[in-house]
Amino acid sequence: MKKRQHLGVLGLGFVEFQIIFLLSIWLAFPQQAAGLRPIREKARTWSDEWLFGRKQVPEGGRFSAWNITGTYRGNWKFLDSLNSSSKFQDFQKSNGNSVVELVAVPTKITGVHYVQGVVLFHDVFDNEQNLGGAQISLEGVYIWPFRQLRLVANSGKESDAGQDENNLLSNPYHLLGIFSSQVFQESTRDRILQRKISPRNEMDKHCNIEIAAQISRVASSDNNGDKSYYHMEGLMESPGVGDDGDCFSPLFLNATSVNVEVYYNKAVNYTLMVTFVSFLQVLLLIRQMEHGNTQSGAAKVSIVMIGHQAIMDAYLCLLHLTAGILVESLFNAFATAAFFKFVVFSIFEMRYLLAIWKATRPSISGEGWETMRRELSFLYSRFYGILLGGILIMYELHNYMRPILLLMYSFWIPQIVTNVIRDSRKPLHPYYIVGMTATRLAIPLYVFGCPHNFMRIVPSKAWCVCLCTFMGLQAVILLLQHYFGSRCFVPRQMLPEKYNYHRRFNQDISRNTDCVICMTAINLRQRTSDFMVTPCEHFFHTGCLQRWMDIKMECPTCRRSLPPA
């Protein structure tokens, strides 16, 4: 009689009473509920008060079974203003982000699903080890006629812990989030893969943890375009045993399911974008190599600028390859992007780097093979030494990743400085300047500018504007140098003295002479802009000598080195 009065208070009907009665019988037999610990009977708690106090009207039919298996992302916060934690003194945060992995399996009992899962709380601990996350293994039941989910901590079996870890490692949403967090440092050192040294295994061992949640369906447009299906709201509490106090105060969970297929599509689309950008960069490099295919043209290009871009592409190749290894199901997509980046830096950019090195050392070929091999070894050792050293520096300075990215995207500056020092004339093709600037901006603008990027990086409009302005300023300076001269923006008072090819010549020289380039006569009585005089007193047509100097910076008559025009 008392039980029926209690059910009347809860507002349950005959069918619901039957489900709960059968569930209690099922939980009593361990052979049918292997590993499932029944929820402990206790006095009225936060979760019971919250869960059974809500009036839930199921959508889509009262007995429509929803499959709640999937990944849920959301946030958590304490209901009390001050957390009263007796076992974890460093449990000082009041709110943060959370990720929940659930696997629901139907049982023989109508209306009941057996649920296993893992919940990760980010930004929980505030301690010297800088470990900000807590991971808890869970198991329980989902009573789908009432859309109610009841879970308890599962820390008793070592096999389950390994299985939960394997499930965690197989989730692409999870792993790529870890990867991007480690690379771009958007969260404080969430060492999700280092479970043995973190306190996330201690909570479920020393605390009784229970979660009571309500499941509801949400529209596909209510979750920022991720096409989520279910929303979970509930309470998590840790009641004490005997004289022990609560491990922590009750906290509120709020999470929405994520469509992993959409996440896959976003990752694949990103790799397609990277592949297309890499293909465009190959075409631009070929165009630039054709523009400066002579010894003089290659010598005008800064070897530091090409080496800088080659190191950037090597880093991108390693990053995409690592992401593909982390997520096996996306390996083909990320490996393709990594392969194209490998082709860009290892074939085209390294080949161009070698051509520039040979052009700046024209006499090295006459000094023997041993000297050339020694110089080449020194070149490659410097390149790969800087490549490996940069990885170590970025690892140590990971908290300053955005300033490091700005430094990496200053690769046009060495060419600008080289143009001013050497007074180089049109070293880079305009298509190469504009095209390479645009393609280099594609990846950072996606990562830091796309509001729904698959890496779960919070967009930063200010940083994207800063990066675009910085890169655009470099490109504009290079274009000004191309069309108006390498020193057009430098005050004349700061410029060093420059040889004048249209200078006055010795009047005793014969007034009639021939240009050895075009083999036609030069009229020295015409204005001086029509012909040029070298330091070795040889005369050439202006156009003839300029075209010759694009090939070699030597006098066509006596092979003496020529100063920049």
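Just so it is clear, none of the values below were taken in a lab; they were calculated from the coordinates. Every value quoted in this text rests on a predicted model; they were computed, and no experiment measured them. We place every Cβ from the backbone using ideal geometry, glycine too, and count neighbours over all the protein chains shown.
Beyond 28 Å between alpha-carbons counts as too far, so tell me which of LYS77/LYS266; LYS77/LYS108; LYS300/LYS461; LYS498/LYS552 fall in that bin. As for pairs spanning more than 28 Å Cα to Cα, those are LYS77/LYS266; LYS77/LYS108; LYS300/LYS461.
Modelled spin-label separation between SER346 and ASP550, with each label point placed 7 Å from Cα along the Cα-to-Cβ direction: 3.5 nm. When the Cα atoms of region 422-489 are aligned to their principal axes, the ranges along those axes come out at 46, 19, 16 Å in descending order.
Amide H to amide H, with H built 1.01 Å from N, ILE522 comes under 5 Å of THR513, ASP514, CYS515, counting only residues 5 or more places away or on other chains. For region 377-509, averaging the sequence separation of C-alpha pairs within contact (under 8 Å, six or more residues apart) and dividing by the residue count gives a relative contact order of 27 percent. Stretched out straight at 0.36 nm per residue, the stretch from ARG525 to LEU479 would grow longer than its current Cα-Cα span by 12.9 nm. Taking every Cα-Cα distance in region 242-335 and sorting them into 10 Å bins from zero, the calculated P(r) comes out as 12, 26, 20, 16, 12, 7, 4, 2, 1 percent. Mean silhouette area of region 322-427, derived from the convex hull of its C-alpha atoms and averaged over all directions, reads 9.8 nm². Remark: spin-label model distance PHE339-SER460 equals 3.4 nm, labels positioned 7 Å along the Cα→Cβ axis. Annotation for region 424-505: trypsin sites (Lys or Arg not before Pro) lying in DSSP loop with at most 14 further Cβ atoms inside 10 Å of their Cβ are LYS498, ARG503, ARG504. Computed over region 262-484, the percent of Cα pairs more than 30 Å apart is 27. The slack between PHE276 and LEU387, meaning 0.36 nm per residue of separation minus the straight C-alpha distance, is 37.5 nm. Using θ = phi - 60° in the Karplus curve 6.51 cos²θ - 1.76 cosθ + 1.60, the 3J(HN,Hα) couplings for region 392-400 round to 5, 5, 5, 5, 6, 10, 5, 6, 10 Hz; x is entered for Gly and Pro. When you filter the chymotrypsin sites (Phe, Trp or Tyr not before Pro) in region 425-502 for DSSP loop state and at most 16 other Cβ atoms inside 10 Å of their Cβ, you are left with PHE489, TYR499. Each label was represented as a point 7 Å from its Cα along the Cα-to-Cβ direction; for THR371 and VAL516 these points are 2.5 nm apart. Mean separation of Cα pairs under 8 Å and 6+ residues apart, divided by the residue count of region 262-484: what relative contact order is that in percent? Relative contact order comes out at 28 percent.
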